[in-house]
1. Quick one: in the stretch 246-256, of everything that is of a type outside the set (Gly, Ala, Ser) and within 15 Å of the chain's Cα centre (by Cα), which residue is most open to solvent (accessible area, probe 1.4 Å)?
2. Does residue 45 satisfy being among the hydroxyl-bearing types (Ser, Thr, Tyr), near the ligand (Cβ under 9 Å from one of its atoms) and either in contact with a helix residue (DSSP H, G or I) (Cβ under 6 Å, 6 or more places away or on another chain) or assigned to a helix (DSSP H, G or I) (or both)?
3. State the number of residues belonging to the stretch 118-148 that are in a helix (DSSP H, G or I) and touching a helix residue (DSSP H, G or I) at 6+ places or on another chain (Cβ under 9 Å).
4. Give the residues of the stretch 75-111 that are within 11 Å of the ligand (Cβ to nearest atom) and of a type in the set (S, T, N, Q), sorted by residue number.
5. Across the stretch 5-23, what is the number of residues that are open to solvent by 20 Å² or more (accessible area, probe 1.4 Å), away from the ligand (no atom under 12 Å from the Cβ) and in contact with a strand residue (DSSP E or B) (Cβ under 8 Å, 6 or more places away or on another chain)?
6. Check the stretch 152-159 and report whether any residue there is buried (at least 24 other Cβ atoms within 10 Å of the Cβ) and closer than 21 Å to residue 221 by Cα.
7. Please determine, by comparing only the residues of the stretch 155-188 that are assigned to a helix (DSSP H, G or I) and free of Cβ contacts under 8 Å to residues at least 40 places away in the same chain, which one is nearest to the ligand (Cβ to nearest atom).
8. I'm checking my understanding of the structure. Among residues of the stretch 196-245 that are within 14 Å of the ligand (Cβ to nearest atom) and open to solvent by 50 Å² or more (accessible area, probe 1.4 Å), which one is nearest to residue 179 (Cα to Cα)?
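The values are calculated or read from the model by the stated rules, or taken from the named source; none is laboratory data. Model, not experiment: these values are computed from the prediction. So basically every Cβ, Gly included, is an ideal-geometry build from the backbone, and we count neighbours across all protein chains shown. To get the accessible areas, we keep the full protein, side chains included, count just its heavy atoms, and leave off ligands, DNA and RNA. Shrake-Rupley method; radii C 1.70, N 1.55, O 1.52, S 1.80 Å.
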Amino acid sequence: MLKGKTALVTGSTSGIGLGIAQALAAQGANIVLNGFGDVEGPKASITALGAKVAYHGADMSRPAEIEAMMAFAAAEFGRVDILVNNAGIQHVARIENFPVEKWDAILAINLSSAFHATRLALPAMLAADWGRIINVASVHGLVASAEKSAYVTAKHGLVGLTKVTALENAVSGVTCNAICPGWVLTPLVQKQVDAKAAALGISNEAAKKQLLGEKEPSMQFTTPEELGALAVFFCSPAGNNIRGVAWNMDGGWVAQ
Ligand code: NAD
């Protein structure tokens with residue numbers, strides 16, 4: 001379905017971003033990966049799906065590096081048709097204890113990076129009259145939790161950016177939507193599981209159950225594969241008139 005299209009997924013060396021990149025690759029899209037840590041494993045997983053893959057290591061907190069990454073993607077594959085703004089980090093602390101540098105980093109990586117990548121991707125998408133911008137927000141773009149001030153602020157902002165991007169391009173073939181996962185068992189959440197297990201002196205499994213029990217009625221983690229399938233749906237012809245939604249996939253978290 002996506003043969004000949006190019007998808008750039010930020011923060012795609014791990015977790016949800018990698019799951020979305022793999023789902024788009026399985027539909028035939030060329031993939032530009034981004035993120036830190038192991039690169040060869042994620043690249044090989046895309047190649048194994050028969051898709052072309054390139055990698056750029058831009059630090060998404062740095063606008064100049066985002067510009068270089070977008071230019072690199074255009075040089076490699078012609079243009080970016082599908083932009084998935086996914087890179088994100090977390091830090092958990094009460095506001096009065098929240099490290100200022102963590103606040104700045106979360107706002108830069110989880111929110112401002114999406115603005116920069118979007119502004120740089122839009123001209124070519126509009127010229128082609130086709131594009132998909134998918135912002136990986138969170139249930140925390142819709143509701144709050146204590147001790148996550150920067151994350152909740154950034155994700156609510158990202159949902160706002162999603163709506164503005166959708167409206168500004170509403171009469172074009174470029175759509176913009178957000179995906180709002182609940183708990184997904186990636187390294188970002190495993191850190192929170194580990195912290196809970198250590199704080200309460202309980203096992204990893206018990207800490208996972210507690211985490212789910214506090215928020216997610218289904219008592220199940222959403223998977224990167226399920227999120228990848230939603231991203232593919234947004235890119236399908238059926239997604240042509242889905243514009244500005246913040247679609248939660250959260251086991252009932254926000255329904256409560
Ligand atoms: P993860 O830690 O597995 O992956 C994060 C990715 O972002 C990695 O590839 C990492 O290298 C990359 N990254 C981090 N800082 C970066 C930077 N400065 N520049 C470039 N890349 C950077 O986490 P994940 O759980 O897969 O999270 C992906 C997105 O999904 C994030 O935006 C997160 O907020 C969102 N999300 C996660 C959950 C969850 O439960 N895991 C729930 C809702 C939303």
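1. 247
2. So residue 45 does not fit the description; no.
3. Residues meeting the conditions: 8.
4. Of everything in the stretch 75-111, those that are within 11 Å of the ligand (Cβ to nearest atom) and of a type in the set (S, T, N, Q) turn out to be 85, 86, 90, 110.
5. The total comes to 1.
6. yes
7. The extreme case among them is 156.
8. 226
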